[in-house]
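See structure below.
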Amino acid sequence: MRVRLEAGDAHWPGLAVADGRAEATGLAGGVADLLVAAQAFHWFDVPAARTEALRVLRAPAHAALIWNDRRAGGSAFAEGYEALVRRFSPDYLEIRHRHGRTDRLASFFGGAWHTIELEHADRLDFEMLAARLNSASYMPGPAQPEHGAMMQALRALFDATAREGTVLMQFDTRVLYGALAGGALAGGVPAGR
């Protein structure tokens, strides 16, 4: 993703990409107005990421955490894809569970947050579907022995469920946003939807 972002830098004059992670961005203090993490919060060391966010954000410190939660049912494709992911990823269920834990969210925000939920879908041909599966960090990569069997299973699922050369992957997008309560870690509860 970073390579693609940097390749398109002509579209965003002044874009700067820096090495870093949520817990140590490498940015100077007080340089940002908003922290956004998409599909990544489940990997964060929450106390360290919160400390770093409070350091780099100008007051008031605001953050938005975004997830596209793929629907696991409702169609033959969705059910088959969910079964495939569960079959080939021993970490999948833990990762799926971890990103929605309110204790982690409360520790990060240090207080209340708000939630917006949206629906959307992507129509994918086989190449796009394979790229989507291969981009998931919890799935076996090309160097792992089970990758070939996973790709064969994906091809069989696609061939069985595609209509007019595509499948429909449906999502519920959740955006959790709010101000980070300043100072030390504190417990909190969702502010509601």
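The values are calculated or read from the model by the stated rules, or taken from the named source; none is laboratory data. Bear in mind the structure is a predicted one, so any value in this text is a computation, not a measurement. Here Cβ is always computed from backbone atoms with ideal geometry, including for glycine, and neighbour counts include all displayed protein chains.
Just a few scattered comments:
- The residue of region 37-55 that is farthest from Ala136 (Cα to Cα), among those that are touching a strand residue (DSSP E or B) at 6+ places or on another chain (Cβ under 7 Å) and at pLDDT 95 or above, is Leu54.
- Within region 60-90, the residues that satisfy the criterion of being among the charged types (D, E, K, R) and out of contact with any strand residue (DSSP E or B) (no Cβ under 6 Å at 6 or more places or on another chain) are Glu79, Glu82, Arg86, Arg87.
- Out of Tyr92, Tyr138, Tyr177, sole residue that is within 15 Å of the chain's Cα centre (by Cα), surrounded by 11 or more Cβ atoms within 10 Å (Cβ to Cβ) and modelled with pLDDT of 95 or more: Tyr177
- So Val85, is it under 17 Å from the mean Cα position of the chain (by Cα), over 21 Å from Thr173 (Cβ atoms) and surrounded by 14 or more Cβ atoms within 10 Å (Cβ to Cβ): no
- Checking the stated criteria, Leu84 turns out to be farther than 30 Å from Leu34 by Cα, among the hydrophobic types (A, V, I, L, M, F, W, C) and out of contact with any Phe, Trp or Tyr (no Cβ under 9 Å at 6 or more places or on another chain).
- Here the condition is being without any contact (Cβ under 8 Å) to a residue 40 or more places away in the chain and among the basic types (Lys, Arg); of Arg21, Arg50, it holds for Arg21 alone.
- Residue list for region 135-162, filter: in contact (Cβ under 8 Å) with a residue 24 or more places away in the chain and of a type in the set (Asp, Glu): Glu146
- Considering Gly74, Gly80, the condition of being part of a loop (DSSP other than H, G, I, E, B), farther than 21 Å from Ala16 by Cβ and of a type outside the set (A, V, I, L, M, F, W, C) is satisfied by Gly74 alone.
- Just one of the listed residues (Asp159, Asp122) is touching a helix residue (DSSP H, G or I) at 6+ places or on another chain (Cβ under 9 Å), modelled with pLDDT of 90 or more, acidic (Asp, Glu) and exposed (fewer than 12 other Cβ atoms within 10 Å of the Cβ), namely Asp159.
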